[in-house]
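Participant: Can you read through this structure? Questions will come right after.
Every number in this text was worked out from the coordinates using simple rules, so none of it is lab data. All values derive from a computational prediction rather than experimental measurement. Ideal geometry is used to build each Cβ from the backbone, glycine not excepted, and the neighbour counts take in all protein chains shown.
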Amino acid sequence: MQDEAGSPYILKDDQWIGYDTVDSILAKMEYVKSRGLGGVMIWAIELDDTNGICGPERPLMKAIHKGLGRGTNSIKCFKEA
């Protein structure tokens, strides 16, 4: 399911889980730019493709950088200790 802003979520009984996709991140970055906000906050970067399904790159971080017009060359994948 998606809310009115296009952010996906899962709902079962009284349990709700919200999450982001590349598309929902890009929509949020458009909102940030349209309001002239100074930046964004990332709650838990370690949850960005923790299984490496998308390869060594972090797709949500790339979407943030792309959405803010900052390019993606400076994004590096990191390994947790």
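Participant: Just give me the residues in region 5-32 being β-branched (V, I, T), surrounded by 11 or more Cβ atoms within 10 Å (Cβ to Cβ) and either more than 19 Å from K62 (Cα to Cα) or in contact (Cβ under 8 Å) with a residue 40 or more places away in the chain (or both), in sequence order.
Facilitator: V22, I25
Participant: While we're here: Do we find that R35 is of a type in the set (K, R) and surrounded by 13 or more Cβ atoms within 10 Å (Cβ to Cβ) in this structure?
Facilitator: no
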